[in-house]
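Have a look at the structure below before the remarks.
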Amino acid sequence: MPDIVYKPAWRRADPAIERDALAFWEVHGLMPKNAVPADRLRELCTVAYEGTQMVAVSTAKLTDVAFLRSRIAMWRCAIAPDRRGQHLSTEMGRYSRQVIEDWARENPAERVMGMGTTIQTANLDEKKKRPVWKASGLVFVGYSAQGQQVRVAWFDHAEVE
């Protein structure tokens, strides 16, 4: 990646990152009409910049995943259209996992055991056939009610029932 800088945003309330994330979501039509921007900003996880331009943003929401009997940070990532296909989402996933895992280790009362995601993009159809994605640590764990793959990167401190 040419001059891509990754920055943590998880639980930081950084005004500059929040301003840039809102602009990114607006420019790319990623803020649903019924979404509450303040709620979405509280979910900011990591961002990526090329120079002063935000080119990717990720969010995470702490969720009790019943079929895993675990609390997971459910992660989403958006990449600027002109940066897609450059493995930026893999790098964002790797970076985000470390940011959330470090936070989870420092906040054991939150009981967060991993970072999960549902795969919603069709351009990963071939990659979805592989149950383990080594680069990001995401492993296949099942399907959502909507039929989307669910993948989890378990943290080193994770324990399951």
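If a residue has to be β-branched (Val, Ile, Thr), out of contact with any helix residue (DSSP H, G or I) (no Cβ under 8 Å at 6 or more places or on another chain) and under 24 Å from HIS87 (Cα atoms) to count, how many in the range 1-52 make the cut?
Of the residues in that region, 4 qualify.
Among the residues of the range 90-112, write down those that are of a type in the set (S, T, N, Q) and open to solvent by 60 Å² or more (accessible area, probe 1.4 Å). Working first, answer last.
The first filter runs over the range 90-112 and keeps only residues of a type in the set (S, T, N, Q), leaving 90, 96, 98, 107.
Listed by number, the list holds a single entry, GLN98.
Name the residue, out of VAL57, VAL65, VAL99, that is touching a strand residue (DSSP E or B) at 6+ places or on another chain (Cβ under 7 Å), farther than 25 Å from PRO15 by Cβ and in contact (Cβ under 8 Å) with a residue 24 or more places away in the chain. Reasoning before the result, please.
Working: VAL57 fails: farther than 25 Å from PRO15 by Cβ; VAL99 fails: farther than 25 Å from PRO15 by Cβ.
Only one candidate passes the filter, namely VAL65.
Entry remark, the range 133-148: residues being without any contact (Cβ under 8 Å) to a residue 40 or more places away in the chain, surrounded by 11 or more Cβ atoms within 10 Å (Cβ to Cβ) and in a loop (DSSP other than H, G, I, E, B) number 2 in total.
Of the residues making up the range 6-50, just one is of a type in the set (A, V, I, L, M, F, W, C), open to solvent by 50 Å² or more (accessible area, probe 1.4 Å) and under 16 Å from the mean Cα position of the chain (by Cα), namely LEU30.
Go through the range 51-70 and give me each residue that's surrounded by fewer than 17 Cβ atoms within 10 Å (Cβ to Cβ) and over 15 Å from the mean Cα position of the chain (by Cα).
Initial filter on the range 51-70 (surrounded by fewer than 17 Cβ atoms within 10 Å (Cβ to Cβ)): 51-53, 61-64, 66-67, 69.
Result: GLY51, THR52, GLN53, ASP64, ALA66, PHE67, ARG69.
Report yes if ARG151 is part of a strand (DSSP E or B) and of a type in the set (D, E, K, R), otherwise no.
On the way: part of a strand (DSSP E or B): yes; of a type in the set (D, E, K, R): yes.
Spelling it out, ARG151 is indeed part of a strand (DSSP E or B) and of a type in the set (D, E, K, R).
Just one of the listed residues (ARG84, ARG130) is open to solvent by 50 Å² or more (accessible area, probe 1.4 Å) and under 19 Å from VAL5 (Cβ atoms), and it is ARG84.
The values are calculated or read from the model by the stated rules, or taken from the named source; none is laboratory data. These numbers come from a predicted model, not from an experiment. Note that each Cβ is placed from the backbone with ideal geometry, even for glycine, and that neighbours are counted across all protein chains shown. Please note that ligands, DNA and RNA were not included when accessible areas were found on the heavy atoms of the full protein model with its side chains. Shrake-Rupley method; radii C 1.70, N 1.55, O 1.52, S 1.80 Å.
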